[in-house]
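The values are calculated or read from the model by the stated rules, or taken from the named source; none is laboratory data. Computed from a predicted model, the values in this text were never measured in an experiment. In this analysis, Cβ positions are derived from the backbone assuming ideal geometry, glycine residues included, and neighbour counts consider all displayed protein chains.
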Amino acid sequence: MAGAGEREGVETDQVGADRTARGHGEPGCAPGSRDAGPDPLPPVGEVVARALAAAVPATAPFACATFVCGVRARRLGKLVPQERLDAWKGEVKRALGAALIEAWAGLGRRVDFARPELLVVWDADRGRVEVTARAIWVYGRYRKLDRDLPQTRARWRCPACAGQGCATCAGTGRRHPVALEDLLAGPCARALGAEPDAAVLHGMGREDIDVRCLGPGRPFVVEVPGPRRRDADWAAVAAEVAAGAAGRAELVGPLRIVGDAVVARLKGFEAPKVYQATCRAEAEADLDPARVAALAAALAGRELAQRTPRRVARRRSDLVRRRRVLALDVLAQGPREVVLRIEAESGTYIKELISGDDGRTTPSVSELLGVPTACVALDVLEVRASDAELLGPL
Ligand SMILES: [Zn+2]
């Protein structure tokens, strides 16, 4: 997530600020010396006039309060000593910035070197301007109510065509035509005048496709690159999400713009989670009520050893994780079914806590009940991370 001012090869900082010359000078062309031939660097006034003529229409679609100008001149840079190039680029940047402020009269835009909303780069080699709008990050919490809805688009390619598009997938290349990512990121991107398919959902963890997420919902950030607008009517966006999701998912609480640091917080925050799991015996025998009654005492507070489950072994490294069950209660039970409320540390594999995954997770509900048991329905009841913890002083 490089800021708009941090793109490779473009220096937007002030000229002469402790920048080491990189030795691009030609042999025999010592820094500061002048070739006899014509100056390869065009006059600043001419360059700025061309850059301005290109930049004014190119920036017109973008709202911004702050901007910064950059100059890219790799080819030209090889023809003159570094100091000379830096000085020339600095003059062009300053003059272009001043000219843009004048051209944008009344908009009150100002230069911000640290976190500019718009980066305007004059590519002197190609004679064209590149405009990049700094991404916007939108925070919210979702409930996922559908057991056939993937969180993100990427991992679910159509198995018949490997993502190329075929009759099976109606040309979409996707196994599931819609992901939660589409339902949340699409409306945010459209409201900000950005490309919906480029917007990315960063969830605070994920649930499997067949798992619901209820209660206070799962925190997420939608990253919207290239926005043409810097703000939106977030209540209207939430209404659009609700209409598009049609009950398969819903927002909890408002959407709001946050700093990019929140994504790292989401990824690093180890929130305990509360689950409701329906477990079913996979044998033609009833569960032993005494063993069911003993489950809570056997598992609450217990540390599990969980070797990477077989179902995710292809994409995760094979290791043994230690995770603790914080609390466990039996909510309901039938002859061959038991419904558990399980509170566990972040990263616990709940389906494997129940099945035992052929001994790869221990202890397990199967092991303790003495009967092979499968998790047939799983809901996340609570992700224990408040908005204040995640958004608090940045
Ligand atoms: Zn296909």
Out of R115, R206, R153, I need the residue that is in contact (Cβ under 8 Å) with a residue 12 or more places away in the chain and over 18 Å from the mean Cα position of the chain (by Cα). Which one? R115
Subset of region 267-280 that is surrounded by fewer than 21 Cβ atoms within 10 Å (Cβ to Cβ) and among the hydrophobic types (A, V, I, L, M, F, W, C) - its residue that is nearest to G301 (Cα to Cα): V274
Scan region 303-342 for residues that are of a type in the set (S, T, Y) and over 16 Å from S364 (Cα atoms) and report the count. 1
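Counting just the residues of region 351-373 that are among the β-branched types (V, I, T) and surrounded by 23 or more Cβ atoms within 10 Å (Cβ to Cβ), which one comes out nearest to V312 (Cα to Cα)?
Residues of region 351-373 that are among the β-branched types (V, I, T), as a first pass: 354, 361-362, 365, 371, 373.
Next cut, surrounded by 23 or more Cβ atoms within 10 Å (Cβ to Cβ) only: 354, 361, 365, 373.
Details: I354: 16, T361: 14, V365: 20, T373: 19 Å.
That would be T361.
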Can you find even one residue in region 221-236 that is in contact with a His (Cβ under 7 Å, 6 or more places away or on another chain) and among the acidic types (D, E)? yes
Note on A36: of the conditions (1) at pLDDT below 95; (2) buried (at least 17 other Cβ atoms within 10 Å of the Cβ); (3) small (G, A, S), unmet is (2)
Every residue in region 335-360 that is of a type in the set (A, V, I, L, M), closer than 19 Å to K273 by Cα and assigned to a strand (DSSP E or B), please. V339, L340, I342, A344
Within region 168-194, residues within 16 Å of the ligand (Cβ to nearest atom) and of a type outside the set (G, A, S) come out as T168, C169, T172, R174, R175, H176, P177, V178
Those residues of region 277-334 which are within 12 Å of L368 (Cβ to Cβ), in contact (Cβ under 8 Å) with a residue 40 or more places away in the chain and part of a helix (DSSP H, G or I) amount to R291, V292, A294, L295, A298, L299
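Given the residues A99, A95, A105, which is the only one that is within 25 Å of R134 (Cα to Cα) and modelled with pLDDT under 95?
Going through A99, A95, A105 in turn, just one is within 25 Å of R134 (Cα to Cα) and modelled with pLDDT under 95: A105.
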Which numbered condition A261 fails, given (1) modelled with pLDDT of 95 or more; (2) under 12 Å from the mean Cα position of the chain (by Cα): (1)
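For region 125-167, how many residues meet the condition of being within 16 Å of the ligand (Cβ to nearest atom), touching a helix residue (DSSP H, G or I) at 6+ places or on another chain (Cβ under 9 Å) and not hydrophobic (A, V, I, L, M, F, W, C)? Talk me through it step by step, then tell me what you get.
Step one: list which residues in region 125-167 are within 16 Å of the ligand (Cβ to nearest atom), which gives 150, 153-167.
Subset that is touching a helix residue (DSSP H, G or I) at 6+ places or on another chain (Cβ under 9 Å): 150, 153-154.
Narrowing further to those that are not hydrophobic (A, V, I, L, M, F, W, C): 150, 153.
The total comes to 2.
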List, please: which pairs have Cβ atoms under 9 Å, are six or more places apart or on different chains, and start with a residue in region 214-230 that is more than 30 Å from A277 (Cβ to Cβ) and in the same structural domain as A261 (by TED's automatic domain parsing) and end with one that is among the polar types (S, T, N, Q) and surrounded by fewer than 24 Cβ atoms within 10 Å (Cβ to Cβ)? P225/T132; G226/T132
